[in-house]
Amino acid sequence: MDRCIVLVDAGYLLGAAASLLAGEPSRSKITVDHAALVQGLREQAESETERPLLRIYWFDGAPDRVPQPEHRRLRVMPRVTVRLGALTRSDGRWAQKGVDAAMHAELTELARNRACSDVVLVTGDGDLLPGMMAAKEHGVAVHLWAVQAADGDYNQSEDLVAEADERRVLDRTWITKAVRAKEVGGTCASPPAPRPEIAAILSAPLPDSGLARPAERTAEETEHASAAGASENGAEERVPAPKGGVPTPKDLAALRAPGAQAVQHPTTATLRWSSDKGWVDRPGIAAEPSEVAAMPTLAQLTTAEQRWADREEDITTVGGDPYEVGQVFARRWMGRLGEQGQLQNLSGMYPRIPHRIDGELLRYAARFGLLAHKDDQIDEHDRYAIRAGFWREIDVRTAAEHAPAGD
């Protein structure tokens, strides 16, 4: 077949790019425009091989092989197939398992089935040498691409380099079309401005409470804030108690132990939910209005046919960005509500989300790999983004229903 295929070892490509641009091979030091990177690989491969592209195979590792948001974005791109190996942590470092074996199997199978005339390998691992030799024996031309090394030396196996039919170096100019360092001049670049919706949630006043807003927490509290643990009946925020402040659920559990001291919080206090944290005194006020607490969950509103269609959409079109996840969940939930007046009750609770809905929202977000690397908890900023996306979709729907009819 007169066509080319590209096999990318993402660990090598992005690790070497990080070394080149940021001075160390940590992928957390760079930001990647995956769409631009894939387009650059395609154009370069078609130009060099003079063959149309059949497919780009993207090999990477992920905890428990659960696709991360970047993998979800990649696998819905045209002509891109994602293959995931395991990502394990040992001695404080992450290591890929099974990626090289998967690349070797794919390379030899493609060559044996004569699926292409040219294969482009973006890798540096010498373990692929037997696969490269087998592909050549089946009449496939093998092109080996390297990422420019930061120290000007090889960052590939010498045996791999010697065995390749054609070689090319992706230099700094080529890499920086899609990858950039997060650090400039040895100092971290300024973080991007938060989305207005997220800022609104962070700064919203707490109803019936004289406590500080979430945005007014100290830097120390913010640094040590942990993620939410969603349960079937709600979501509790597990955050360290500030010095002299209110106790956390963990503190309360310890105080309830035999022989423990009495609980040091007002008897009328209730645990805040959704985007709020800690305890708040609400004398004579129920935690949630009955009409809000009775709101149906998305699962209760979803038929078997809709569940199947939702899952297909999650797999094929939803990229997994936290803000996008919140929007998708809210859009489905609102679209299946029979009584639209419930949206008005919900809007009156902003920025809080009812227990059951909030817990279901976070469990839905967990499907997209947002829990990985974080000890099975969702990062605090991601939680704000998820809920901001939810509220954004609610606002759009509510505004559309109350907009005056056009002429």
Restricting the stretch 28-51 to residues that are surrounded by fewer than 20 Cβ atoms within 10 Å (Cβ to Cβ) and either under 20 Å from ALA95 (Cβ atoms) or among the aromatic types (Phe, Trp, Tyr) (or both), the residue that is farthest from the chain's Cα centre (by Cα): LYS29
Number of the condition not met by ILE353 [criteria: (1) out of contact with any Ser or Thr (no Cβ under 7 Å at 6 or more places or on another chain); (2) at pLDDT 80 or above; (3) part of a loop (DSSP other than H, G, I, E, B); (4) not hydroxyl-bearing (Ser, Thr, Tyr)]: (1)
Test result for ARG397, of a type in the set (D, E, K, R), at pLDDT below 80, more than 22 Å from the chain's Cα centre (by Cα) and not in a helix (DSSP H, G or I): no
Qualifying residue in the stretch 1-13 (condition: in contact with a strand residue (DSSP E or B) (Cβ under 6 Å, 6 or more places away or on another chain), among the basic types (Lys, Arg), farther than 24 Å from ALA95 by Cα and surrounded by 18 or more Cβ atoms within 10 Å (Cβ to Cβ)): no
Answer from ALA105, ALA95 - the residue that is touching a Ser or Thr at 6+ places or on another chain (Cβ under 6 Å) and not hydroxyl-bearing (Ser, Thr, Tyr): ALA95
Residue count for the stretch 126-146, restricted to those that are of a type in the set (A, V, I, L, M), farther than 18 Å from ARG3 by Cβ, over 32 Å from the mean Cα position of the chain (by Cα) and surrounded by fewer than 24 Cβ atoms within 10 Å (Cβ to Cβ): 3
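The values are calculated or read from the model by the stated rules, or taken from the named source; none is laboratory data. Because the structure is a prediction, the values reported are computed rather than measured. Positions of Cβ are backbone-derived with ideal geometry, glycine not excepted, and every protein chain shown enters the neighbour counts.
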